[in-house]
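Here is the structure we will look at, set down as structure tokens.
A short reminder: the numbers here are calculations on the coordinates, not readings from a lab. Note that this is a predicted model, so its numbers are computed, not measured. Glycine gets a Cβ as well: all are built from the backbone with ideal geometry, and neighbour counts include every protein chain shown.
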Amino acid sequence: MPTPTAVTDKAPDYGRRSFLKTGLGGALFLGGVSMTAGLSGCASAPAGLQSEGPASPTSGYEFRFLSSDDIVLFEALIPAILGAALTEQPDLRRRQVRTTIETIDAGIVQFGNANQQELRKLFDLLNFGLTRATLAGVWSSWENASTDDARSFLERWETSSIGLFNNGYIALTKITNASYYGQPEHWSQTGYPGPPEWAVSALPQFQTHS
Amino acid sequence: MAMTDLIAQGLAGGWNVTDAATLTENQTLEADVVVIGTGAGGGTTAEILARTGLSVIMIEEGRLYHQKDFKMDELTSYASLYQEGLSRVTRDGAIAILQGRCVGGSTTVNWTSSFNTPDATLNFWADRFGLDELRPASLQPWFDDRKQRHNIAPWEVPPNANNDTLRRGCEQLGWSWHVIPRNVKGCWNLGYCGMGCPTNAKQGALTTTVPGALDHKAELIYGLRADRLVMTQDRISHLEATPLQADSVTPSAHKVQIRARHFVVAASALGSPALLLRSDIPDPYQRVGKRTFLHPVNATVAEMPERVDPFHGAPQSIYSDEFNFSQGVDGPAGFKLEVPPLHPSMASGILPGHGDIMNENLGKLPWLQSMLALIRDGFHADSPGGVVSLRDDGSPVLDYPVTDYLWQGLRQAYLRMAEAQFAAGAKQVRLVHMDSSWYRNWSEAEAAIKAIPMELHRARLFTAHQMGGCGMGANPRNSVVNGLGQHHQVSNLSVHDASIFPTSIGANPQMSVYTLSARNSTQLASRLTA
């Protein structure tokens, strides 16, 4: 077995390391953005029951965290994050996107206050025009952004040498992927058959009266 | 047949259980002992104290879920049973923290691996922290006692293909491997331990010690968050707590006060230090929240030629300690090799990537096999652990520095896991790392792993084992509690959970928590009933 000292490490990049180690850079940076976004009137109130818009069928889902701007953001990002997982059939595709956004919202509600605030900063940064353009590199509004724009953005943050952007990338893709592939309707795309049927039919909690 | 749902039966039979969300006014309660937390430590403590006739109130921040709620569904389980809806991370976001938040704590969602504390760890504690009374021979009767209480035995059913891959890899390479002891009774071998056991087979706190305590007249209040312990002179007089609404996150307007003779904190390695910090408990040497350990986890994924179905079957049944203590207890960072189960949502959250590539990778789920390494942190000067502090809202946050010492261990672990997967016949292997591609053979993987950047946010890291932060030791200058879990400065305060470990364990920690809690609670009971 090679000894650990024999392992070659990549040449250290001290600028980046100190930035990440303090963590302060990130907090101040995002904190500033959030405040700027607030002052400039970004809509960050929960969208509640959305009754308008092409992507809001009458599901009756009440948004408790995501704002209407966040929903537009995810509508732009989801085709890039999920790729071929989404069907081409327009009505079904819209429904897949919509239920995934609802699942994301329901998940975030359980995250609790502290992580909700972190996500609020991230979403505000992406929704606020100046930071969307300078930090995410997306020049058009999310409403007008193409899937290619969204894909380029994700790749920039994925491969960035700045840990904070890697983190943002992971947050956006993880929450979207986990929300999409966790839905029973999408299990089959992974070859996961679900819980064994013999167990489901034998267990009391799956019987109609439980 | 599924085992009886003791919770449903007990609730119907008149147990003293309260959902704090239903409280309509302020409450003042009194007991001999308040136990804060209902996981491995709190459950054990409550049962042992209640059996001696002491009046015990258990409080739990999470909600009470049991068989009726355990439907083998990832999304509902992750949202309801885990801390921060499974979004908990270290402060810089670099390490994902998997931790239970429900009655039974992490024992409700763990994968049932039940190891005695390794001898080398106990001897290290004795040598370095003056904990001579915890040498292996002294603890053996307590391990035996807990083994019986939680029905712990090596898994007799053949391992699922996911675990068997680890066994075959070890066989091929001449590495040691063993069958994992599990705390189950009548297990159906389904594979959903992490979502709450659907058959009541898992013998965690939820199905053993919590019911045991309630059968002996203990009271349980769940959905109740412990805010602070209030001191009067040199003793704690009462606990102040806030009920949470049924959504489990929104505080209600009422308050609960509980007076007691003794207070046992068992709120986990993040929760317990946070409660002590919020309470301004005397901490003359600034030890609270220090030396927090995680068993940092990294992982690899292999595409196997045959189906693995990593979502079905007992999630963990084979382990290898080949690299755990082999270079000495305090040498280069050792690690234990195990496998994780892979269900679609978790797999998509663990594998880095997006778009068509993610879709293609996940499409192979039945053929994917994963290995993980638990890095044994805290045994070396270059592994000082993390620090728990309070966020503005009073909740805990952990800063955990991944030192070069740990990175070396993590890189070794990537190498050994990929080697084992190829030895077991993998078609290709990739790291759970942002810069990894799929490697076609061991030599390609070996070269790539030796060169891959070992950096935060690039290497994806996890922890399911949080330890330390209220470390025990003989000397108050470097510890918070003594070898019996008693607080050094406050006589009516004890800590009974994984936060008292002075290092990590080097194995999945639930058995260590059960065992030390049983020993320390038995001592506490005799002091309180004397």
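Summary table below
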| item | result |
| --- | --- |
| The range B:83-128 - charge dipole about Cα centre, Lys and Arg +1 at Cβ, Asp and Glu -1, debye rounded to 20 | 160 |
| Three-way shape call for chain B based on the alpha-carbon gyration tensor, with the a/c threshold at 1.5 | prolate |
| Residues whose placed amide H lies under 5 Å from that of B:Trp155, excluding near-sequence neighbours | B:Ile180, B:Arg182 |
| Unit Cα scatterers, Debye sum, the range A:69-210: log10 I(q)/I(0) for q = 0.18, 0.21 Å⁻¹ | -1.08, -1.36 |
| Charge dipole (debye, nearest 20) of the protein assembly as shown; +1 at Cβ of Lys and Arg, -1 at Cβ of Asp and Glu | 1080 |
| Burial order of peptide ranges B:255-267, B:5-17 (average beta-carbon count within 10 Å, highest first) | B:255-267, B:5-17 |
| Cβ-based charge dipole, the range B:276-322, positive-most Cα from B:Phe293, B:Leu276, B:Ile318 | B:Leu276 |
| Whether the range A:88-168 is rounded, prolate or oblate, judged on the alpha carbon gyration tensor where a/c under 1.5 counts as rounded | oblate |
| Projected-area mean, the protein assembly as shown, by convex hull of Cα positions, square nanometres | 30.3 |
| HN-Hα J in Hz across the range A:126-131 - Karplus 6.51, -1.76, 1.60, θ = phi - 60°, x for Gly and Pro | 6, 8, 7, x, 5, 6 |
| Cα long-axis angle, helix B:136-149 against chain B (0 to 90 degrees, to the nearest 10) | 90 |
| Residue-wise HN-Hα coupling along the range B:476-488, computed from phi with Karplus coefficients 6.51, -1.76, 1.60 (Hz; x: Gly, Pro) | x, 5, 10, 8, 9, 10, 8, x, 9, x, 7, 5, 5 |
| Proximal charge balance of A:Pro46 [Cβ under 13 Å; K/R count +1, D/E count -1] | -3 |
| For residues of A:144-153, the mean tally of beta carbons on other chains within 10 Å | 1 |
| Cut-off under 5 Å, modelled amide H: who pairs with B:Tyr82 long-range | B:Arg101 |
| Simple Cβ-charge dipole of chain B, Lys/Arg +1 and Asp/Glu -1, about Cα centre, in debye nearest 20 | 460 |
| GluC sites (Glu not before Pro), loop per DSSP, at most 14 other Cβ atoms within 10 Å - longest free stretch of chain B | B:307-530 |
| Net charge of neighbours whose Cβ lies under 12 Å from the Cβ of A:Ile101, counting Lys and Arg as +1 and Asp and Glu as -1 | -1 |
| Ranked by how many other beta carbons lie within 10 Å on average, peptides B:98-108, B:339-349 from highest | B:98-108, B:339-349 |
| Shape category assigned to the range B:391-530 from the gyration tensor of Cα positions, a/c cut at 1.5 | prolate |
| Interchain or long-range residues, amide H under 5 Å from B:Arg291's placed H | B:Gly386 |
| Across B:Lys68/B:Lys427; B:Lys185/B:Lys290; A:Lys174/B:Lys185; A:Lys174/B:Lys202; B:Lys217/B:Lys255, pairs whose alpha-carbon gap is larger than 31 Å | B:Lys68/B:Lys427; B:Lys185/B:Lys290; A:Lys174/B:Lys185 |
| Neighbourhood charge, 12 Å Cβ-Cβ cut-off, centred on B:Gly483 and excluding it, Lys, Arg +1 and Asp, Glu -1 | 0 |
| Shielding by partners, peptide A:109-122 (average Cβ within 10 angstrom, other chains) | 5 |
